[in-house]
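All remarks here apply to the structure that follows.
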Amino acid sequence: MFQKKDYIFSETMGVCRITDVTKLSTKKGEPILYYIMRSVKDNSKVSYIPVENHSVVLRELISKEEARKKSESGIELKPLEKEEIEFVLKAQDIA
């Protein structure tokens, strides 16, 4: 489980920061835990993703070493992959 203030990669939004982990009520009345995430590239983009049973791929960011290798590989990367590499290489402290 990711924590508040974690930076992660979302397949739909790119690099995001978990701004909160909160319970939201459902129609059945049982609260479900959700990640509230903001895009690093566009702070106006917010996404609510259930902590469990979500269909969107969420993962930790790649390492700086992996980012360097990918950026130097010459392989064509998707825009969100490029965004992640740039963020990781520029980040001084991801915590």
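Across all Cα atoms of the chain, the radius of gyration (one decimal) and Dmax (whole number) stand at 14.8, 51 Å. Normalising the average separation of contacting C-alpha pairs (under 8 angstrom, six or more residues apart) by the number of residues puts the relative contact order of segment 7-90 at 29 percent.
At most 16 other Cβ atoms within 10 Å and a DSSP loop assignment: could you name the trypsin sites (Lys or Arg not before Pro) in the chain that fit? Answer in residue order: Lys4, Lys5, Lys27, Lys28, Lys41, Lys45. In a reduced charge model with +1 at each Lys and Arg Cβ and -1 at each Asp and Glu Cβ, the chain shows a dipole moment near 300 debye about its Cα centre.
If you filter the chain for GluC sites (Glu not before Pro), then keep DSSP loop positions with at most 14 other Cβ within 10 Å, what is left? Hits after loop and neighbour filter: Glu11, Glu52, Glu76.
Bear in mind these aren't lab numbers, they're just calculated from the coordinates by the rules spelled out. The structure displayed is predicted, hence computed values, not measured ones. A quick note on method: Cβ atoms are made from the backbone with ideal geometry, for glycine too, and the neighbour counts reach across all protein chains shown.
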